[in-house]
Amino acid sequence: CQTLSPSYHSNEDQMSAQGHQTSASPVIVWFREDLRFSDHPALQAATATGHPLICVYVLDDETPALHALGGASRWWLHGALSDLRSTLSRHHGTLLTLKGSAEKLIPQLAKETDAQGVYWHHRLHQKEREQDEQIASALDKQGVSSEASWGTVLLDPKQVQTKEGRFYQVFTAFWKAFQSQDVPVPLDPPAHLSFHPLPDDLLSKYRLDETTLLPTHPDWAAGLRATWEPGEREAHEHLEDFLRHDCARYGKGRDEMGREGTSRLSPYLASGAISPRQVWEAIQKKGAHDEGARIFLSEIGWREFAKYTLFHQPRLPDVSLGQKFGKMPWRKSEQDLTAWQQGRTGVPVVDAGMRQLWKTGWMHNRARMIVGSFLTKHLLIDWRQGEAWFRDTLVDADWASNAMNWQWVAGTGIDASPFFRIFNPTRQGVKFDPDGDYIRQWVPELKKLSGKDLFEPWNAKEEDLERAGVTFGKTYPRPIVDLKEGRDRAMAAFRSL
Ligand code: FAD
């Protein structure tokens, strides 16, 4: 695993010399979850027409069937849009950002600019596909062509099928079939660009005020700003850094919560600052047979499986896929849910994960599994409550990956993951944070505890608690659930189905 120079760095100077604005009839590139310049099939296809471009992004909060972006994703979007805009401006173009119903705004934009065609990437969920079909048909009625290509996944989800022509429901079988297919190589950025001039008053009443994407009262994003820099170049830097330092020992490193052993590419992949094909190719070039690289590719495979499942099973984000879980006696407890959200459950490793999420907009994958299992099993709270909280607070919130992983952790019917796999948070902490670095970083009020006491302070001796300055109910909460009782309650609920 070594460094890779991403292709998009290469012919940038050449392109800026060639970028210019022309007033011939334009074509529109509609950016969505693909906020990048390189390996962008829709941008390539539009450029190949030879017509000048209009680049647009629409923040559509008006279509209830589509998932609204959460707060952390909006913060990220602000940075991603400004990064894409500055890339386009280096090529003498710009990015138009609008707010409103895409169904209305895309045809209207085409009409007002007398555009010839609109280019975009396919989306996965049935509701998104239906919206795209409606827009394509409205454009068609106006005499405007539309063209969609695959730009956010490695393969068209219809391409991976069982011998009987069905879709796979279990990851291992899916992954085996997937690997027998060829993943297309990523595209270089377009070499010749021309842009259509945009009058200031164009759709002026629908212009997105991008500052509204940022939190103000209160400004909760300080931790996000300190942790992340959205952008295409930063995405490639993360990839290079990972290949250089962490890829070789990823097999072990990806589970160590106390150190940075993973790529942290997820928010860049979610916003499309880097494409999965670029990540795939980088790994292939550096030797996909290394143990670390092989495991990393299979994680990219899980991302693909999530998108694939969302495509074939649109109920994934809303309904437990295992039918019997429709009758699961989930508990409703605002108090427990709030304690979980705030990282005040009294179970140190769970609190560490939830506080990392709140502060940075990201949580280690192992911690996501631990806090997810704790919520749905020990607290017996519906996985959809956890999914909604993650959707609002994660910078990498992704409709498919979030829902699939929540159903996987909850054991409600995705893949072969059973409900009765209940993580013991103490044992998970000892195993994957053996020195307690992760807990000490995020739950500093416990940092003077040593050994097992750090993982289960409720079993610590009075004098050890006193020496470490821990007073239950004052400096740190008592556990909101007894782990054994919570586990037994979950198993009883499961058996009742
Ligand atoms: P790495 O370990 O470096 O992996 C590289 C890439 O592979 C990731 O960026 C991601 O795109 C993909 N990947 C890795 N693990 C998974 C996985 N289990 N499922 C799907 N893709 C994976 N990931 C999201 O991108 N968005 C979400 O909303 C999301 N919600 C999750 C909710 C729960 C309850 C759990 C258990 C996991 C969730 N994940 C989600 C998956 C995973 O936790 C993150 O992708 C990963 O932690 C991101 O960090 P990284 O980029 O350093 O990952």
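What Kirkwood radius, in Å to one decimal, follows from the Cα pairs of the stretch 375-497?
16.4
In debye, nearest 20, what is the charge dipole magnitude of the chain about its Cα centre with +1 on Lys and Arg Cβ and -1 on Asp and Glu Cβ, if you could check?
It works out to roughly 1700 debye.
If each residue's Cβ is checked for other Cβ atoms within 10 Å, how do R32, R90 rank with the fewest at the top? The partial results should precede the final answer.
Details: R32 20, R90 14.
Taking fewest neighbouring Cβ atoms as first place, the list is R90, R32.
How far, in degrees from 0 to 90, does helix 483-495 lean away from the longest principal axis of the Cα atoms of the chain, to the nearest 10?
For helix 483-495, the angle is close to 60 degrees.
Could you compute Rg(Cα) / (2.2 N^0.38 Å) for the stretch 400-464, with N its residue count? Could the numbers behind the result be given before it?
Details: Rg = 15.7 Å, N = 65, 2.2 N^0.38 = 10.7 Å.
The reported ratio for this selection is 1.46.
Over the chain, one equal point on each Cα, no solvent: what is log10 I(q)/I(0) by the Debye formula at q = 0.13 Å⁻¹?
Values returned for q = 0.13 Å⁻¹ are -1.30.
Suppose each label sits 7 Å from its Cα in the direction of the beta carbon; what would the E299-D318 distance come out to in nanometres?
My value for the distance between the label points is 3.2 nm.
Compare the Cα positions of T393, S373, I439 along the charge dipole of the stretch 347-497 (+1 at Cβ of Lys, Arg; -1 at Cβ of Asp, Glu; about the Cα centre) and return the one farthest towards the positive end.
Result: S373, furthest along the dipole toward the positive end.
Modelled label-to-label distance, D435 and D219, 7 Å Cα→beta-carbon offset: nm?
3.5
Say each of W458 and S137 gets a label point 7 Å from the Cα, pointing the same way as Cα to Cβ; how far apart are those two points in nm?
Taking the simple label geometry, W458 and S137 are separated by 5.7 nm.
If amide H atoms are built 1.01 Å from N in the plane of the peptide, which residues on other chains or at least 5 residues away come under 5 Å of the amide H of G413?
Correct list: G322.
Mind pulling the angle between the C-alpha long axis of helix 232-245 and the longest principal axis of the chain? Nearest 10 degrees, somewhere in 0 to 90.
50
For the stretch 166-218, which trypsin sites (Lys or Arg not before Pro) are in a loop by DSSP, counting at most 15 other Cβ atoms within 10 Å?
Sites meeting the loop and neighbour criteria: R166.
Filter the GluC sites (Glu not before Pro) in the stretch 132-202 to those in DSSP coil with at most 14 other Cβ atoms within 10 Å of their Cβ, and list the result.
E164
Using unit Cβ charges (K, R positive; D, E negative) and no other charged atoms, how large, in debye to the nearest 20, is the dipole of the stretch 343-461 about its Cα centre? Write down the numbers at each step before the final one.
Details: 16 positive and 13 negative charges, 73 e Å.
So the magnitude is around 340 debye.
Applying 1/(1 + (r/R0)^6) with R0 = 41 Å to the Cβ-Cβ distance of K332 and A191, what FRET efficiency is obtained, to the nearest 0.05?
Plugging the Cβ-Cβ distance into 1/(1 + (r/R0)^6) gives 0.10.
How much length is gained if the chain between R233 and K285 is pulled fully straight, taking 0.36 nm per residue apart and subtracting their Cα-Cα distance, in nm to one decimal?
Working: separation 52, 0.36 × 52 = 18.72 nm, distance 1.95 nm.
Contour length minus the Cα-Cα distance gives 16.8 nm.
With 21 Å as the limit, write out which pairs from K127/K158; K127/K332; K99/K359; K163/K286; K104/K127 have Cα-Cα distances beyond it, or answer none. Intermediate results must be reported in sequence, preceding the final value.
Values: K127/K158 17 Å; K127/K332 29 Å; K99/K359 28 Å; K163/K286 33 Å; K104/K127 16 Å.
In this structure, K127/K332; K99/K359; K163/K286 lie more than 21 Å apart at Cα.
Tell me, what ³J(HN,Hα) does each residue in the stretch 178-187 have, in order and in whole Hz, if you take phi through Karplus 6.51 cos²θ - 1.76 cosθ + 1.60 with θ = phi - 60° and put x for Gly and Pro?
Result, ordered by residue: 4, 5, 7, 9, 8, 7, x, 6, x, 8 Hz.
Before anything else, pin down the relative contact order of the chain: Cα pairs under 8 Å, at least 6 apart, normalised by residue count, whole percent.
Relative contact order of the chain: 18 percent.
Express in % the proportion of alpha carbon pairs of the stretch 185-313 at distances exceeding 18 Å.
Looking at the stretch 185-313, the distances longer than 18 Å represent 67 percent of pairs.
Ranked by Cβ crowding within 10 angstrom, fewest neighbours first, how are H217, H312 ordered?
H217, H312
What does the extension gain come out to for S450 and T162, with contour length at 0.36 nm per residue minus their alpha carbon separation?
98.5 nm
Within the stretch 78-122, which residues have the backbone N less than 17 Å from the label spot 7 Å out from S149 along Cα→beta-carbon, could you tell me?
Counting backbone N atoms under 17 Å from the label point, the list is 117-122.
List the residues, sorted by chain then number, that are 5 or more residues from V118 or on another chain and whose placed amide H is less than 5 Å from its amide H.
Result for V118 returns I28, S145, S146, E147.
Using the Cα centre of the stretch 241-333 as origin and beta-carbon charges of +1 (Lys, Arg) and -1 (Asp, Glu), tell me which of G261, M328, F296 is placed farthest towards the positive end of the dipole.
Of the options given, the answer is M328.
Tell me the trypsin sites (Lys or Arg not before Pro) within the stretch 253-332 that lie in a loop according to DSSP and have at most 14 other beta-carbon atoms within 10 Å. Provide the component values of the computation, followed by the final result.
Details: sites: R254, R259, R264, R277, K285, K286, R294, R303, K307, R315, K324, K327, R331, K332; in loops: R254, R259, R264, K286, R315, K332.
Loop-located and lightly packed - R259, R315, K332.
So which aspartates and glutamates can K447 reach, going by Cα to Cα under 14 Å and dropping same-chain residues fewer than 8 places off?
D351, D433, D435, D437, E456, D464, E466
Which one of G50, I28, V481 has its Cα pushed farthest toward the positive end of the charge dipole of the chain, where Lys and Arg give +1 and Asp and Glu give -1 at the Cβ?
Sorting the options by dipole projection puts first V481.
Helix 102-113: angle to the longest alpha-carbon principal axis of the chain, degrees 0 to 90, nearest 10?
Between the helix axis and the principal axis of the chain, the angle is about 20 degrees.
Compute, for the stretch 33-175, the length of the dipole vector about the Cα centre, with Cβ point charges of +1 (Lys, Arg) and -1 (Asp, Glu) only. Units Debye, rounded to 20.
Charge dipole of the stretch 33-175: 220 debye, to the nearest 20.
Can you pull the percent of Cα pairs in the stretch 111-208 with separation above 18 Å?
Result for the distance tail: 67 percent.
Throughout, read-outs are computed from the coordinates displayed, never taken from laboratory work. This structure is a prediction, so every number in the text was calculated from the model and none was measured. FYI the Cβ positions are ideal-geometry reconstructions off the backbone, even for glycines, and counts take in every protein chain you see.
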